[in-house]
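First the structure, in the form of structure tokens, and then the observations on it.
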Amino acid sequence: MVFGGLIGTLIDRLAFGYVRDFIDFIIFGYNFPIFNVADMAITIGMALVILEISIEEYKAWKLSKSQ
């Protein structure tokens, strides 16, 4: 997902010279920052990477504690 978002952003930069943002939400009166699908892919992908690292570190800590 991170690589896909990177490629999407790179294509926009090369083709247009800027990244086109087009998704805009207003949540409970708060104007959330405008973003695009590539931004979502990068953010979700990095969150999954951090989650995976955290789970693996917890498993290693739990295994070392039991020994």
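The values are calculated or read from the model by the stated rules, or taken from the named source; none is laboratory data. Just so we're clear, the structure is a prediction, and the values are computed from it rather than from any experiment. No Cβ is skipped: glycine too gets one built from the backbone with ideal geometry, and neighbour counts run over all protein chains shown.
Any chance region 35-42 includes a residue that's free of Cβ contacts under 8 Å to residues at least 12 places away in the same chain and not small (Gly, Ala, Ser)? It would help to see each step written out before you state the result.
Within region 35-42, the first condition is being free of Cβ contacts under 8 Å to residues at least 12 places away in the same chain, and the residues that meet it are none.
Looking for residues that are free of Cβ contacts under 8 Å to residues at least 12 places away in the same chain and not small (Gly, Ala, Ser), one finds none in region 35-42, hence no.
Do we have Leu48 as without any contact (Cβ under 8 Å) to a residue 12 or more places away in the chain and either among the aliphatic types (A, V, I, L, M) or assigned to a helix (DSSP H, G or I) (or both) here?
no
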All positions within region 14-29 that are modelled with pLDDT of 90 or more and either of a type in the set (A, V, I, L, M) or assigned to a strand (DSSP E or B) (or both): Leu14, Ala15
What number of residues within region 1-34 satisfy the criterion of being surrounded by 13 or more Cβ atoms within 10 Å (Cβ to Cβ) and free of Cβ contacts under 8 Å to residues at least 24 places away in the same chain? 2
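Within region 45-57, is there a residue that is surrounded by 13 or more Cβ atoms within 10 Å (Cβ to Cβ) and under 13 Å from the mean Cα position of the chain (by Cα)? Full working, then the answer.
Keep residues of region 45-57 that are surrounded by 13 or more Cβ atoms within 10 Å (Cβ to Cβ), which gives 45-46.
If we keep only those that are under 13 Å from the mean Cα position of the chain (by Cα) as well, we get 45-46.
Looking for residues that are surrounded by 13 or more Cβ atoms within 10 Å (Cβ to Cβ) and under 13 Å from the mean Cα position of the chain (by Cα), one finds at least one in region 45-57, hence yes.
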